[in-house]
Amino acid sequence: MSSMPPKEIRVRFAPSPTGYLHVGGARTALFDWLYARHHGGKFILRIEDTDVERSSQEMVEGILEGMRWLGLDWDEGPFFQSQRVDRYRAAAAELVKSGHAYYCYCTPEQLKERRELAQKEKRNYKYEGTCRRLSTEQVAANEAQGRPRAVRFKVPEGESLQYHDLVFGTIEVAHAQIEDFVLLNSKNHPTYHLSVVVDDLEMRITHVVRGADHVSNTPKQILLYRAFEAEIPEFAHLPLILGPDKAKLSKRHGTTSVTAYRDMGYLPEAFRNFLALLGWSPGDNTEIMSTDDLIERFSLEKINQSNAVFDVQKLDWLNRQYIGASTAERLAPLVRKALEGKNLWRAEFDGDRKEYFYSSIDLLKSRMHSINDFAEGGQAFFTDLFFVDEAAAKKNLKDPALKELIPLLADRFRGLDPFTLESSEQVLRALADEKQVKAGLLINATRVLLTGRAVGPPLFHIMIQLGRDRTTERLERISQFTTVN
RNA sequence: GGCGCUAUCGUCUAGCCUGGCCCAGGACGUCGCCCUCUCAAGGCGAAAACACGGGUUCAAAUCCCGUUAGCGCUACCA
């Protein structure tokens, strides 16, 4: 045993394509991926689409898109359960043959009735095992008639079952608590537990890392492994992600699709970092971690046992951190998309004005809350037809003296050569002194005229970035504001 | 209802296994001050938590029991 070479770690992410990749699924995928990468193992992607009615190709695409965005590359797959139905049927037949499963002729209608009756009488309902006790003759007769039947698992006699969960520790469930669950429905279609176990076995999964909503499913699956006389993988269940109201995160909390976060201007590395901190921490106080850090430091032992609330404010903070720390080169393609979305993109930004485009990004990035913000708060750097914030104009352009001062300032800038950080500041401050006004008055007014906003980078940096001509042109727009007042 | 799981600042968490270093540390958010041409950033500081009740022990956030609350599962869905 000890001389055996370490077994390759194989983990899988197995979403069911009944919606786009949501935040909870993404976190599960991330942890699976981190675990595989940390151990140099394999990460397998499997699409659980046995419920044909609720699955669609479009949703599969959405899941793959979300994973690609987050940089979660898989080594094998995607495998589709819908294409593996024969194997599940064969496995079910094998279990019937070995006496671990039986045919059940109870109809869904009958079951529903019994369940409702039990509920009315305030009794707990569990399949009573009617067909489990059918004689061989009765079964043969039913089969001869071609009666539709499901295949049910025969839960073995026994006191209780326990298993060790890598995050929750020992979990114990009484056999009496587990009902004879359906393996194949009456349309000969496999259900969840069967297909999961068959696939995890066939794909040689060593660690089942999935959401905590599966803890109570695990005993059934362990029973299945035993019936197949197969080796049972390790299980690690992840705490759930909750909305601000502490209910399991869902559509009614607003955005839950991962690609929607991309569209809102979040950086995948920020989102990934944020997700990693939901239910896991490296143990010290480190919060900002690159992908390599994450891979290196990730371990199942440090996963929490309690659910975590999705806090968008912390996500925003991380996003700002990452944007501020990113190079213009990294940001450029993303900013380009944001600008294209607002019809602000111009080919020259990738040509003659590429340098200008990059330096604008560098100037703006430390203040941007999202990528989309470049096309909002930062738009004056990319177009002359920028939006002027009304409140900003009202606040910083209201002084009547500006009507005289700004054109004067524009004149002086026009003749200024060279037009630099130092020279432009000198000119502005000199004028302020001369006219006995605070430099701040001119500075703040100029910022609004130049960018349409009361907030932004230091003024002289803005002017140098825009250049002398644009600066003077925009200053002349003061007339449009003074008439309004 | 039954079964299972969980419980540290508003939120994410460290500490819990291996009691004492914890009148509980960090981060986001909030508030204040400094810096300052605005806003960010940065610096400094503040308010803010061991769910409750019993045990065990010289000593409990840490171990045990109970209560409460939350979440999950409870389908011929996954």
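Just a few scattered comments:
- If you filter region A:1-28 down to residues that are within 16 Å of RNA strand B (Cβ to nearest atom) and open to solvent by 70 Å² or more (accessible area, probe 1.4 Å), you find that the one that is modelled with the lowest pLDDT is A:Tyr20.
- Looking only at residues of region A:29-56 that are assigned to a helix (DSSP H, G or I) and surrounded by fewer than 19 Cβ atoms within 10 Å (Cβ to Cβ), we find that the one that is farthest from RNA strand B (Cβ to nearest atom) is A:His38.
- The single condition from (1) in contact (Cβ under 8 Å) with a residue 24 or more places away in the chain; (2) open to solvent by 80 Å² or more (accessible area, probe 1.4 Å) that A:Leu331 fails is (2).
- Checking each residue in region A:293-329 for being among the hydroxyl-bearing types (Ser, Thr, Tyr) and within 7 Å of RNA strand B (Cβ to nearest atom) picks out only A:Ser306.
- Residues of region A:447-459 that are over 35 Å from the mean Cα position of the chain (by Cα) and open to solvent by less than 20 Å² (accessible area, probe 1.4 Å): A:Val448, A:Leu449, A:Leu450, A:Leu459.
- Residues that are part of a helix (DSSP H, G or I), near RNA strand B (Cβ under 8 Å from one of its atoms) and open to solvent by less than 70 Å² (accessible area, probe 1.4 Å) are absent from region A:279-292.
- Checklist (1) assigned by TED's automatic domain parsing to the domain that holds A:Lys7; (2) out of contact with any Leu (no Cβ under 7 Å at 6 or more places or on another chain); (3) open to solvent by less than 40 Å² (accessible area, probe 1.4 Å) applied to A:Tyr105, failing item: (1)
- Residue satisfying condition, being β-branched (Val, Ile, Thr), out of contact with any strand residue (DSSP E or B) (no Cβ under 6 Å at 6 or more places or on another chain), open to solvent by less than 40 Å² (accessible area, probe 1.4 Å) and outside the structural domain of A:Leu45 (by TED's automatic domain parsing), within set A:Val155, A:Val209: A:Val155
- Restricting attention to region A:355-370 and to residues that are in contact with a Phe, Trp or Tyr (Cβ under 9 Å, 6 or more places away or on another chain) and assigned to a loop (DSSP other than H, G, I, E, B), the residue that is farthest from A:Leu70 (Cα to Cα) turns out to be A:Met368.
- Residue in region A:257-275 that is touching a strand residue (DSSP E or B) at 6+ places or on another chain (Cβ under 9 Å), open to solvent by less than 50 Å² (accessible area, probe 1.4 Å) and assigned to a loop (DSSP other than H, G, I, E, B) present: no
- Reported count of residues in region A:192-205, each being surrounded by fewer than 19 Cβ atoms within 10 Å (Cβ to Cβ) and either more than 11 Å from RNA strand B (Cβ to nearest atom) or not in a helix (DSSP H, G or I) (or both), is 4.
- If you go through region A:371-407 and keep only what is part of a loop (DSSP other than H, G, I, E, B), within 27 Å of A:Gln313 (Cβ to Cβ) and in contact with a helix residue (DSSP H, G or I) (Cβ under 6 Å, 6 or more places away or on another chain), you end up with A:Ile371, A:Asn372, A:Gly378.
- Evaluated against (1) within 8 Å of RNA strand B (Cβ to nearest atom); (2) open to solvent by less than 40 Å² (accessible area, probe 1.4 Å), A:His175 falls short on exactly one condition, (1).
- The set of residues in region A:218-254 being surrounded by fewer than 15 Cβ atoms within 10 Å (Cβ to Cβ) and in a loop (DSSP other than H, G, I, E, B) consists of A:Glu229, A:Ala230, A:Glu231, A:Pro244, A:Asp245, A:Lys246, A:Ala247, A:Ser250, A:Gly254.
- Any hit, region A:337-354, residues being among the small types (Gly, Ala, Ser), not in a helix (DSSP H, G or I) and not assigned by TED's automatic domain parsing to the domain that holds A:Glu476: yes
- Residue within region A:125-146 that is out of contact with any strand residue (DSSP E or B) (no Cβ under 9 Å at 6 or more places or on another chain), closer than 27 Å to A:Asn217 by Cβ, within 12 Å of RNA strand B (Cβ to nearest atom) and without any contact (Cβ under 8 Å) to a residue 12 or more places away in the chain present: yes
- In region A:381-433, the residue that is surrounded by the most Cβ atoms within 10 Å (Cβ to Cβ) out of those that are of a type in the set (Val, Ile, Thr) and over 20 Å from A:Ser360 (Cβ atoms) is A:Ile406.
- Single condition A:Lys314 does not satisfy, out of (1) touching a residue at least 40 places away in the same chain (Cβ under 8 Å); (2) surrounded by 15 or more Cβ atoms within 10 Å (Cβ to Cβ); (3) closer than 30 Å to A:Gly341 by Cα: (2)
- Condition check for A:Gln162 on (1) touching a residue at least 12 places away in the same chain (Cβ under 8 Å); (2) in contact with a Ser or Thr (Cβ under 8 Å, 6 or more places away or on another chain): one failure, at (1).
The values are calculated or read from the model by the stated rules, or taken from the named source; none is laboratory data. Every value quoted in this text rests on a predicted model; they were computed, and no experiment measured them. We place every Cβ from the backbone using ideal geometry, glycine too, and count neighbours over all the protein chains shown. For accessibility, only protein heavy atoms count, side chains too; no ligands or nucleic acids. Shrake-Rupley method; radii C 1.70, N 1.55, O 1.52, S 1.80 Å.
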